[in-house]
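A short worksheet on the structure shown next.
A short reminder: the numbers here are calculations on the coordinates, not readings from a lab. Quick caveat, the model's predicted, so the values are computed rather than measured. Every residue, glycine among them, receives a Cβ derived from its backbone with ideal geometry; neighbour counts consider all protein chains shown.
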Amino acid sequence: MSAPRMPDECGVPDPFPYMHPTMKENFGDWKYHDRPRPGVLHHVANGGDQIWTVRAGTQRQMDLYTIRKLCDIADEFADGFVRFTIRSNIEYMVTDESRVQPLIDKLGEEGFPVGGTGNSVSMISHTQGWLHCDIPGTDASGAVKALMDELYDEFTKEEMPNRVRMTTSCCQINCGGQGDIAINIQHTKPPKINHDLVANVCERPTVVARCPVAAIRPALVNGKPSLEIDEKKCVCCGACFPPCPPMQINDPEHSKFAIWIGGKNSNARTKPTFHKLVAAGIPNNPPRWPEVAEVVKNILSVYKEDAKDYERIGEWVDRIGWSRFFEKTGLPFTKYHIDNWRGARTSLNASAHIRF
Ligand code: SF4
Ligand code: SF4
């Protein structure tokens, strides 16, 4: 009898074979750490070992030549040790303080800004966009690159009241995350159905079951089995599009950007929070998305000016109140900002605190 097939997936890869030897030797035995300058972390072990970590921003979606360049820098300046952070920054580790500045200089020369630590605007985390996913309404990666070009100075300095964590999401329903500022696609019209394709491509019960507001019904169109949408019920979420691409929701004009603020994942000071909508209907305007940048920079400058030290964006708004937030930023407040969906009270877990 042949041996049973073993599972291909083995969980999280073992980090130790690739870890810097000083980090491996002092694993779990660190005395303290500090930040000598933006973009550099300094860790001191109980036994006296020290290690400096230099963090630099990347454009995330990188060609082979850029990756080679980053690796060459590692070979020449950091004994070949690197790691990537979840926000697509690259980190180099060195154990001799005199090697820190030459590494920073080289990264600067090659166009990789050093920063993203402490009270900076760190690299924006984002979803896959046009390159990898089959349902995006925009290119999250492109919007991030364009926006980080505008926020270059805030990445290399630590001058915000507290850290600013931004996210983008290229559809309304899947990946993405809670951010101090979140930039998300927002569809504003129900899907347009290509009835000729539905019967060939879509499993209709699956599509009907997908809709969160029961707006989809089976229908016979031109003698063929298809689907129809009750447009009064449809909330334009786009959940029907992944299982049924003929229900096209992406639209160059009606798929917009919306900006949400005040989300955070940490338990520090206040509990984790969901972000809330502050601006909607912003044009999805590649390749530089200038209208998005304008709103984000406005919110950041008012926050920087008005918040107290250590207040995250959500904590700042909680202190001054939403009406003052809209007054100070000059963003229009409309009836669409009012969250009147009562189902959230019972169906959303509004806190990350673990309950048993
Ligand atoms: S956010 Fe949506 S469109 Fe973007 S990568 Fe995730 S599933 Fe795909
Ligand atoms: S877009 Fe969302 S609400 Fe509208 S029909 Fe599709 S699944 Fe239902």
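Which of TYR310, TYR152, TYR65 moves most in a GNM of the chain, Cα contacts under 10 Å?
TYR65
State the answer as a single residue: which of GLY39, ASN119, ALA239 lies farthest towards the positive end of the charge dipole of the chain, with beta carbon charges of +1 for Lys and Arg and -1 for Asp and Glu, about the Cα centre.
The Cα lying farthest towards the positive end belongs to ALA239.
In terms of the ratio Rg/(2.2 N^0.38 Å) built on C-alpha atoms, what value belongs to segment 16-109?
1.07
Okay, helix-only estimate at 222 nm for the chain: each DSSP H run of n ≥ 4 adds -39500 (n - 2.57), divide by all residues, round to 500 deg cm²/dmol; what do you get?
-7500 deg cm²/dmol, from helical runs alone.
Separation between the ARG269 and ALA209 pseudo-spin-labels, each 7 Å from Cα along Cα→Cβ, expressed in nm?
4.5 nm
Length gain on complete extension for the stretch ASP34 to ASP63, per 0.36 nm per residue less the alpha carbon to alpha carbon distance?
Contour length minus the Cα-Cα distance gives 7.1 nm.
Give me the lysines in straight-line cross-link reach of LYS335: C-alpha distance below 23 Å, same-chain residues under 8 apart excluded.
Partners found: LYS189, LYS232, LYS233, LYS256, LYS276.
Can you give me the three principal axis dimensions of the chain from its C-alpha atoms, in Å, biggest first?
76, 72, 47 Å, listed from the longest principal axis down.
At 0.36 nm per residue, and after removing the present C-alpha to C-alpha distance, how many nm does the segment from LEU197 to PHE27 gain when stretched out fully?
Additional length available on full extension: 55.5 nm.
Using the 2.2 N^0.38 Å rule of thumb for compact globular proteins, work out how segment 84-156 stacks up: its C-alpha Rg over that value, please.
1.31
Based on the Cβ-Cβ distance of ALA3 and ARG324, what FRET efficiency does E = 1/(1 + (r/R0)^6) give at R0 = 56 Å, to the nearest 0.05?
Computed FRET efficiency for ALA3 and ARG324 comes out at 0.25.
So how do 221-233, 271-283, 158-170, 97-109 stack up, highest first, on mean other-Cβ count within 10 Å?
Averaged packing, sorted descending, gives the order 158-170, 271-283, 97-109, 221-233.
Cα convex hull of segment 192-247: mean projected area in nm², to one decimal?
3.3 nm²
Quote the charge dipole size of segment 192-247 about the Cα centre in Debye, to the nearest 20; the model charges only the Cβ of Lys and Arg (+1) and of Asp and Glu (-1).
80 debye
Express in nm, to one decimal, how much length is gained between ARG342 and TYR310 on full extension, taking 0.36 nm for each residue of separation and deducting their alpha carbon distance.
8.3 nm
Under a Cβ-only charge scheme (Lys and Arg +1, Asp and Glu -1), can you give me the dipole magnitude of the chain about the Cα centre, in debye to the nearest 20?
Around 1640 debye, computed over the chain.
How big is the dipole moment of segment 1-108 about its Cα centre under a simple scheme where the beta carbon of each Lys and Arg is +1, that of each Asp and Glu is -1, and everything else is neutral? Debye, nearest 20, please.
Dipole size: approximately 400 debye.
Once Lys and Arg get +1 and Asp and Glu get -1 on their Cβ, which of GLN248, VAL278, ASN265 lies farthest toward the positive end of the dipole of segment 211-356?
Of GLN248, VAL278, ASN265, it is ASN265.
Would you be so kind as to identify which of PRO190, ASN162, GLY142 lies farthest towards the positive end of the dipole of segment 87-233, taking Lys and Arg as +1 and Asp and Glu as -1 on Cβ and the Cα centre as origin?
Positive-most Cα among the choices belongs to PRO190.
Of the candidates ALA182, ALA307, ALA219, which one comes out as most mobile in a Gaussian network treatment of the chain with C-alpha springs shorter than 10 Å?
It is ALA219.
I need the fraction of alpha carbon pairs in segment 119-213 separated by more than 20 Å, rounded to a whole percent.
Summing the P(r) of segment 119-213 above 20 Å gives 51 percent of all pairs.
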